[in-house]
1. Out of A:G287, A:G295, A:G339, which single residue is under 11 Å from the mean Cα position of the chain (by Cα), among the small types (G, A, S) and in a helix (DSSP H, G or I)?
2. For the condition more than 30 Å from B:L96 (Cβ to Cβ) and out of contact with any Lys or Arg (no Cβ under 6 Å at 6 or more places or on another chain), what is the one hit in A:Y263, A:Y238, A:Y214?
3. Within the range B:208-245, which residues are farther than 23 Å from B:R64 by Cβ and either open to solvent by less than 10 Å² (accessible area, probe 1.4 Å) or among the basic types (K, R) (or both)?
4. With the condition being surrounded by fewer than 24 Cβ atoms within 10 Å (Cβ to Cβ), more than 14 Å from chain B (Cβ to nearest Cβ) and not polar (S, T, N, Q), I'd like the helices (runs of 4 or more DSSP H) fully within the range A:207-280 carrying at least 3 qualifying residues.
5. State all residues of the range A:281-340 that are without any contact (Cβ under 8 Å) to a residue 12 or more places away in the chain, open to solvent by 50 Å² or more (accessible area, probe 1.4 Å), under 21 Å from A:L34 (Cα atoms) and away from chain B (no Cβ under 14 Å); if no residue qualifies, say none.
6. Of the conditions (1) surrounded by 18 or more Cβ atoms within 10 Å (Cβ to Cβ); (2) touching a residue at least 40 places away in the same chain (Cβ under 8 Å), B:Q155 clears all except one; give me its number.
7. With the requirement that a residue be over 16 Å from A:G87 (Cα atoms), among the small types (G, A, S) and without any contact (Cβ under 8 Å) to a residue 40 or more places away in the chain, what does the range A:221-275 give you?
8. Yes or no: A:G195 at negative phi, among the small types (G, A, S) and within 14 Å of another protein chain (Cβ to nearest Cβ)?
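The values are calculated or read from the model by the stated rules, or taken from the named source; none is laboratory data. Small disclaimer: the values here were computed from a predicted structure and weren't measured. When we count neighbours, we look across all protein chains shown, and the Cβ atoms used for this are built from the backbone with ideal geometry, even at glycine. Protein only, heavy atoms only, side chains kept; ligands, DNA and RNA dropped before computing areas. Shrake-Rupley method; radii C 1.70, N 1.55, O 1.52, S 1.80 Å.
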Amino acid sequence: MLAEATRDPDAMSGTRASEDRAGTAAVALGLRLLSFGPIVILALLVLAISLLTPNFLKPVNIGNILAQTAVIAIVAMGQQLVILTRGIDLSVGANLALATVIGGLVFRVSDSAFLVILAMLATGTLVGFVNGAVYVFGRLPHPFIITLATLSICRGLALELSINHTTMRGMPAGVNYLGETSSLGVPNSFFVVFGVALLVLVMMKSMVWGRWTYAVGGNPKAAVEMGIPVKWVLVSTYAFAGLCAGIGAVVLSGRTGASSPLYGNLLELDTIAAVIIGGASFLGGRGHLGHALVGALMIGVIRNALNLLNVDVFYQMIAIGLIIVLAVEADVLRNHLEGRARTNQARAQ
Amino acid sequence: MSAAPVLSVRDGHKRFGAVHALKGVSLDAYRGEVLALLGDNGAGKSTLVRCISGVHALDEGEIRLDGDVASLSTPALARGAGIETVYQDLALFDNLTPAQNFYCGRELAFPKWLPRGLRFLRAREMDREAASVIDRLKVRLPRFDAPVALMSGGQRQAIAVARATVFARKVVILDEPTAALGVRESRKVLDLVRQLRDEGNAVILITHNMEHVIDLADRAVVLRQGRKVGELKPERANQQELVSLIVGAEA
């Protein structure tokens, strides 16, 4: 990574130089390995599991994994953006449940898939907007509390609003099509994931808004000094995370043909775990789309594999917990190596 | 040096509650000149500078740019008016590349009819412009597409100063640009300061390093307890006088 600096002929001299060069190369190699770590771990997981159980790589099962991972992946992409700005959204699971319930209620009066989907997306976005607006304009020190509050409010509202306070059957055909049907052997929900991913990719890489989210996550104080509208960047980020929860609601109620106030339980933890084990930094400023997707897939693969192998569900939880610890330690190691890279640079000057 | 000052502060007062941080400070800065702003800790240097760069507003008094009273109530307004500030903490984004740092908050983007945040970045144009500036200033960076987090203190300082040079049109304020640097890295940053001056900016330099003041500054203004207590041309001969002005002892 820092090869050009070490190639400078006048930068260093003598044996000390070659030692430094070796150190610099090792640091660069370490940083590179860390950036590919999650994908390597995912590949190793897939390899190991396919050796343990031949059913794993069968097309039907791969379709299963994609369908089961779709909701986590979609909501994790929103969570990724929030974490990028040094925040957290604990309300996404309850928000998703409320969105399905609102969609279910709209279905009582209209079987228009368009209206039901619109209701779910609007609910998700509105809750997200409230999260962001109260956090920013209520001058809260951290989004933890407000999103914890909306978690509770959304879950309570969903239970109160749903008929008989429980699962409501039935979804319009168009919603079922998005969540349950497959096209060309691939679950349609995968195409929804793909569409959201494309949107997020364009927003983060090509739009000023994406650059601003990185800036706010990297150095909030400097972002203000540089004239970035930090407050609106934050509000829109939470609104977008809410929109993702709404899209997740469409996919989940399409897959189950129902809406329920109990949907999305602990989804906030799954999505946070996905973002972190995918390799994004919990400290903000670092991370991209691939992290959320790889992390979600890792969780999906582990769950699926342990099901195929008939392993108890608590081992799934333990396995995912261990990977989270590994991922956080990798982030710590990355920060350490970057510090080393800086001192190497200073010495090379 | 042009005849009229590009920046002038007239009788500036600033209070923070009971603390009277600036007690009627006046100061002129001219194009093509390095003005050293000196004083002990708490003398009011940082407050004065923050008033000029739009972080604070003066309670009384006025700031004129090219003779016109300027309203510098936010950092964005001050930058829009041609005043660039290199803060002591550099205000860099560790997770962004040098080019992305340069343009952060004023990205080149299209189309113009969209709200700023929804526009699309002209990434290649920004990279190219930033690279040519880095080249012109002879700043050596390990890699142009690596995040700033991987760069040394001197390189980071150079990036922050270079960012100011891209956009500065009138005044550049540097708050202790060499405080955290070694001798060699300091020298490089001071070269950049000279270049800023030679390009016709008024440079306001805050530093505690007397060598740098004598070396670089055309004029020095000394603040003590919120008042201007002296203004002179710093030379080796009057170094003692400068120091006494700063600490308030009899020369």
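1. Values: A:G287 fails: in a helix (DSSP H, G or I); A:G339 fails: under 11 Å from the mean Cα position of the chain (by Cα).
The conditions single out A:G295.
2. A:Y263
3. Of everything in the range B:208-245, those that are farther than 23 Å from B:R64 by Cβ and either open to solvent by less than 10 Å² (accessible area, probe 1.4 Å) or among the basic types (K, R) (or both) turn out to be B:V213, B:L216, B:R224, B:K233, B:P234, B:R236, B:L242.
4. On the way: elements: A:208-218, A:220-225, A:230-256, A:267-277.
Counting at least 3 such residues, we get A:267-277.
5. A:L322, A:V325, A:E329, A:V332
6. Evaluating B:Q155 over (1) surrounded by 18 or more Cβ atoms within 10 Å (Cβ to Cβ); (2) touching a residue at least 40 places away in the same chain (Cβ under 8 Å) leaves (2) as the failure.
7. Hits for the range A:221-275 are A:A222, A:G227.
8. For A:G195, the condition - at negative phi, among the small types (G, A, S) and within 14 Å of another protein chain (Cβ to nearest Cβ) - is not met.
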